[in-house]
Amino acid sequence: MSVMRKYVIAGNWKMNKNPQEATQLIEAIKPLVKEAACDVVVGVPFVDLTAALEAVKGSKIGVAAQNCHWEKSGAYTGEISADMLTSMGVGYVILGHSERRTYFGDTDVTVQKRVRAALDAGLTVILCVGEYLEQREQGVTGEVVAMQTKIALGSVSQEELSRIIIAYEPVWAIGTGRTATAQQANEVCALIRDTIASLYSWDVADNVVIQYGGSMNAGNAAELLAQPDVDGGLIGGASLTPQDFATIVEAATKAGK
Ligand code: PEP
């Protein structure tokens with residue numbers, strides 16, 4: 001099997017923008033990314049999904065939700081199921097983001113359940129993994145990230161892996177302005193690929209898109225994206241500024257994977 005990885009640049013808007021603002025932001029991004037040779041996705045709050053799906057029409061921009069529940073329906077007040085997302089036309093979901101793990105009690109086990117439900121519903125998953133600063137300082141980054149990856153993929157078949165994108169996001173780099181060096185990013189993305197190869201095979205591991213996320217911006221994207229095992233970016237802060245987001249998309253297009 002040949003290597004067919006393509007860059008994926010995804011914005012994670014977090015809890016920002018109401019529907020009207022979401023439309024404006026997408027309308028501003030659209031012309032700037034129309035020549036993109038990579039995949040472009042915007043991860044918006046649930047209430048913005050309808051507006052975002054409408055706004056991306058006529059472009060190649062995909063729309064992601066930022067979470068989904070693992071059950072199909074039932075007594076889960078405040079939750080949204082994966083089927084609800086696909087019924088709207090949503091194509092992607094971000095799962096296991098460190099903010100969900102840190103503030104909302106997500107664990108490796110619940111992330112695994114969410115991944116299962118998302119795949120069953122037909123979504124493509126952007127699965128976030130990454131170590132805390134203390135874990136990096138204690139030298140256990142590899143173990144932590146391998147464990148998160150293995151558990152999250154626990155029920156994922158080789159065929160389903162084509163709908164999994166992994167985002168390596170060191171927690172100490174998210175929203176802090178402190179970016180991993182290109183070498184650090186590549187090292188851990190490569191380690192995730194090793195982990196996937198050990199679970200499946202090198203043929204499949206070589207085709208999994210592994211993004212870096214953590215203060216990626218217009219200034220540092222080109223260097224990060226030039227790394228052989230970095231296949232894109234999950235971008236928080238910079239995805240809210242059309243020109244910055246477009247510059248990152250352009251960097252991926254120029255890097256040309
Ligand atoms: C994120 O939210 O996934 C993220 C990487 O945020 P930021 O780019 O702001 O660090």
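The values are calculated or read from the model by the stated rules, or taken from the named source; none is laboratory data. Bear in mind the structure is a predicted one, so any value in this text is a computation, not a measurement. So basically every Cβ, Gly included, is an ideal-geometry build from the backbone, and we count neighbours across all protein chains shown. Calculation scope for accessible area: heavy atoms of the full protein, side chains included, ligands and nucleic acids excluded. Shrake-Rupley method; radii C 1.70, N 1.55, O 1.52, S 1.80 Å.
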Other-chain or far-sequence residues with amide H under 5 Å of residue 131's (modelled H): 171
Ignoring ligands, DNA and RNA, what accessible area per residue does region 119-236 give at 1.4 Å, in Å²? 37
Relative to the present Cα-Cα distance, how much length would full extension add between residue 59 and residue 200 at 0.36 nm per residue of separation? 47.3 nm
Quick check: Cα centre of region 1-73 to Cα centre of region 130-192, how many Å? 22
For the chain, the charge dipole (Cβ of Lys, Arg +1; Cβ of Asp, Glu -1; about the Cα centre) points to a positive end, and the Cα of 157, 8, 28 closest to that extreme belongs to 28
Keeping the other protein chains in place, figure out the carbon and sulfur percent of the accessible area of the chain, with a 1.4 Å probe. 53
Using modelled backbone amide H atoms (1.01 Å from N, in-plane), which distant-in-sequence or interchain residues come within less than 5 Å of residue 235's amide H? 10, 11, 12
Cut-off under 5 Å, modelled amide H: who pairs with residue 95 long-range: 126, 127, 128
Spin-label model distance (nm) - residue 134 vs residue 176, 7 Å beyond Cα toward Cβ: 1.3
Going residue by residue through region 66-74, the Karplus relation 6.51 cos²θ - 1.76 cosθ + 1.60 with θ = phi - 60° gives ³J(HN,Hα) values, rounded to whole Hz and with x marking Gly or Pro, of 9, 4, 7, 7, 8, 8, 6, 6, x
Phi to ³J(HN,Hα) by Karplus 6.51 cos²θ - 1.76 cosθ + 1.60 over region 190-195, Hz, x for Gly, Pro: 5, 5, 5, 5, 4, 4
For region 47-92, what is the accessible area per residue in Å² when the probe is 1.4 Å? 52
Which of the lysines could a cross-linker bridge to residue 6, judged by Cα under 19 Å and excluding same-chain residues fewer than eight apart? 34, 60, 254, 257
Determine ³J(HN,Hα), in whole Hz, for all residues of region 207-219 in sequence, where each value follows from phi through the Karplus function 6.51 cos²θ - 1.76 cosθ + 1.60 and θ = phi - 60°; x replaces Gly and Pro. 9, 7, 7, 10, 8, 10, x, x, 6, 6, 8, 4, x
Simple label model, 7 Å out from Cα along Cβ direction - residue 4 to residue 147, nm: 3.5
I'd like to compare 207-215, 70-78, 21-29, 95-103: which one has the highest average count of other Cβ atoms within 10 Å, and what's the full order after that? 207-215, 95-103, 21-29, 70-78
